[in-house]
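Novice: My questions all concern the structure below.
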């Protein structure tokens, strides 16, 4: 029978500890206190993700409401959608950052509850080597192992026995402690509370009791008030003396709770360190599912942690298991939907997101997140629905706004995160969609998103990751605007915040993910500057993108998404020389780096980019043709055409995009003396152009 008791925190009694406790690693003494037509070769025309960027006669785009957040709330020559090309790595810029707390639907006992501008409070562990898992004992008694008979044999008869349902509470008086409460269930000791007579600092107690090598985890109530601190590998909890000021903690111990080794403390610690040390969190979550193989929340957090470090395939498996184990949990269903979207499985993702909404009618913060995700999904894929996306974002904002002043930290933070994400999503949708006056509306949505992010940093313990996230999404939106706005401010913010994250990240997997996201953002800056004809700036940010991506882990560097993005960086750097400077020899030096990376087989999740992938080869072929490497140019153009034809057959692009490669091949074959082939491709080019005119 599993038993977990609640403990009292609020009594302050005085006496000195002089006894002995076995903490699983020996006995320790206790402590006392404290281009053109005709016969020329052309670069491929941009497919822009399968839709034209030409403005339509739709009415002007919506702008966000004015005002600041609630004060209580905290190439081809066309653009690349970096958020689409990198789906396989789970690096979508829509993945929101989180502060020291997880912001999940159930308040984490690790939440500090602080609302000041101070840094979030955290336990202070020593550097951790491997720590064995051994339950703590006191005076020969080990919760979860010792029997009633052994307890009475060693301690004698209790002074008093109380009953709480099926649980017996035996009260003992053992000097020098104020009292000891032992809970028994099924004839075994289930837990033990040792009441002290003098409060002592937690860090000193941990050192003297041999717990210093264990990473502790704060335990708090649903309002974020810290009640104590736990040590998962020993099943030990320190109960703290209450603070006089709300939202503060004394970190002075007045009781010690001993329990059997269980999943709960490992789960809490995993959630606490999820954003700063995902590798350590994953190790804790392995313990959770080992101790409790059907622990739905454990698998859900595992899915979030794996997704955070780009292991989307494994994350999807964990997310699916969480949803199966607890099918009525809307939050688990939402995470599963997000992961499906990361892999480009749009329809499945939409179904799961709608299901999450149905399951979350009484949890509006989860519903708001699901509405925001539906906005993301509507604007994604080869056939985005921009208007529907904006409708979803508007509904998400409407749902989340009243929750921004919730007294519950997890609900409040989830709502504020949604407000950031929905405003960023709207900006991105407007920038890439078919709207008028986009360059007027987009900055307003971005400014609102930035204001919400700054409020989270100021009042909810948010980290610099929020500034980077907003800047990176802003750059992605500016790519959609095709150079109509100067990206300098956002580019500098992304670079500054991203590099700070790289300097301060202690976790290798976190550092890898930051390098990947920063490299993606710098690539977007390259694209915007290229659109604006600012070749020096474009080259500068392209080189920064290259350097940053090379800081990614060896494991990531083996992936298709990594090689595709780095190949795109090399291609863009070459295109700047070819198009902007008419220096095809310099262009080819970059293309020689790009071709091997872009020649890797395209996995299924990358099919949405087949047209653009093909255009890239066609465009590179132009430079090789101009410098006289004709067979190489012909080969690259044919490879590009094959990819573009595949995209057309799959319904991912219009047949009109084939006019340029057909035309180029006609010119090339004619120059090479292959008249029959030249006529054939010229006819195909004409047919494709007529398709475009219809």
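Novice: Among the helices (runs of 4 or more DSSP H) lying completely within the stretch 554-656, list those that include at least 1 residues that are within 30 Å of residue 509 (Cα to Cα) and at pLDDT 95 or above.
Specialist: Helices (runs of 4 or more DSSP H) meeting the threshold: 560-575, 584-598.
Novice: Name the single residue that is modelled with the lowest pLDDT among those in the stretch 208-223 being assigned to a loop (DSSP other than H, G, I, E, B) and touching a strand residue (DSSP E or B) at 6+ places or on another chain (Cβ under 9 Å).
Specialist: Filtering the stretch 208-223 for residues that are assigned to a loop (DSSP other than H, G, I, E, B) and touching a strand residue (DSSP E or B) at 6+ places or on another chain (Cβ under 9 Å), the one modelled with the lowest pLDDT comes out as 209.
Matching residues to (1) closer than 23 Å to residue 546 by Cβ; (2) not assigned by TED's automatic domain parsing to the domain that holds residue 546:
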position	(1), (2)
598	yes, no
607	no, yes
612	yes, yes
617	yes, yes
629	no, yes
657	no, yes
674	no, yes
677	no, yes
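Novice: In the stretch 630-651, what residues are in contact with a helix residue (DSSP H, G or I) (Cβ under 6 Å, 6 or more places away or on another chain) and either surrounded by fewer than 17 Cβ atoms within 10 Å (Cβ to Cβ) or under 17 Å from residue 610 (Cβ atoms) (or both)?
Specialist: Once the filter is applied, which keeps residues that are in contact with a helix residue (DSSP H, G or I) (Cβ under 6 Å, 6 or more places away or on another chain) and either surrounded by fewer than 17 Cβ atoms within 10 Å (Cβ to Cβ) or under 17 Å from residue 610 (Cβ atoms) (or both), the stretch 630-651 yields 636, 637, 639, 640, 641, 643, 644, 646, 647, 648.
Novice: Same structure, new question: So is residue 276 under 30 Å from residue 200 (Cβ atoms), in contact with a strand residue (DSSP E or B) (Cβ under 7 Å, 6 or more places away or on another chain), modelled with pLDDT under 95 and surrounded by fewer than 24 Cβ atoms within 10 Å (Cβ to Cβ) or not?
Specialist: no
The values are calculated or read from the model by the stated rules, or taken from the named source; none is laboratory data. No experiment lies behind these values; they were computed from the predicted model shown. Virtual Cβ from ideal backbone geometry, glycine too; neighbours counted across all protein chains shown.
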